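No value in this document is a laboratory result; all are computed from the given coordinates. Please read these numbers as outputs of a predicted model, since none were measured by experiment. Counting neighbours? That spans all protein chains shown, and the Cβs are built from the backbone with ideal geometry, glycine included.
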Amino acid sequence: MNEAASEANFEVQLRAEGYTEVEIKEYAPRAPHGRHRHHFAVKGLVLSGAFIVQQGDDPVTFSPGEVFTVAYGALHDEWIGPAGAKVLVGRKFQQ
């Protein structure tokens, strides 16, 4: 499956799962953002670079083709690898 088809399939999946805000975001390299929470759930497909998420004790690095999730209100931190990152991300708000 080519990259465009994979992106399109993931976007369809996000919308089917109730993620109403879907976009491609490009991130510059950055240090940890600081522990925080969102008033929405997040699910993302890494398209390039590295997106690092820490929800417990250990950070997890997500590379191209890998999917990460952060539940609604979950305490977490995130940072971006040295090459930056491009992520297809969805946000799902509680109703």
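Numbers for the structure displayed
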{"read-out": "Cα-based radius of gyration of the chain once divided by 2.2 N^0.38 Å, which approximates compact folds", "value": "1.04"}
{"read-out": "Label point 7 Å beyond Cα of His39 along Cβ direction - residues of region 78-95 with amide nitrogen under 13 Å", "value": "93-95"}
{"read-out": "Environment charge at Gly84 (Cβ cut-off 15 Å; Lys +1, Arg +1, Asp -1, Glu -1)", "value": "+1"}
{"read-out": "Estimated distance in nm for a label pair at Thr61 and Glu23, the labels positioned 7 Å out from Cα along Cα-to-Cβ", "value": "2.8"}
{"read-out": "Per-residue ³J(HN,Hα) for region 9-15, Karplus 6.51 cos²θ - 1.76 cosθ + 1.60, θ = phi - 60°, Hz, x for Gly and Pro", "value": "5, 5, 5, 4, 4, 4, 5"}
{"read-out": "Mean Cβ neighbour count within 10 Å, used as a protection proxy, ranking 76-88, 59-71, 39-51, 17-29 highest first", "value": "39-51, 76-88, 59-71, 17-29"}
{"read-out": "Extension reserve of the Gln95-Gln13 stretch, reckoned as 0.36 nm per residue once the Cα distance is removed", "value": "27.6 nm"}
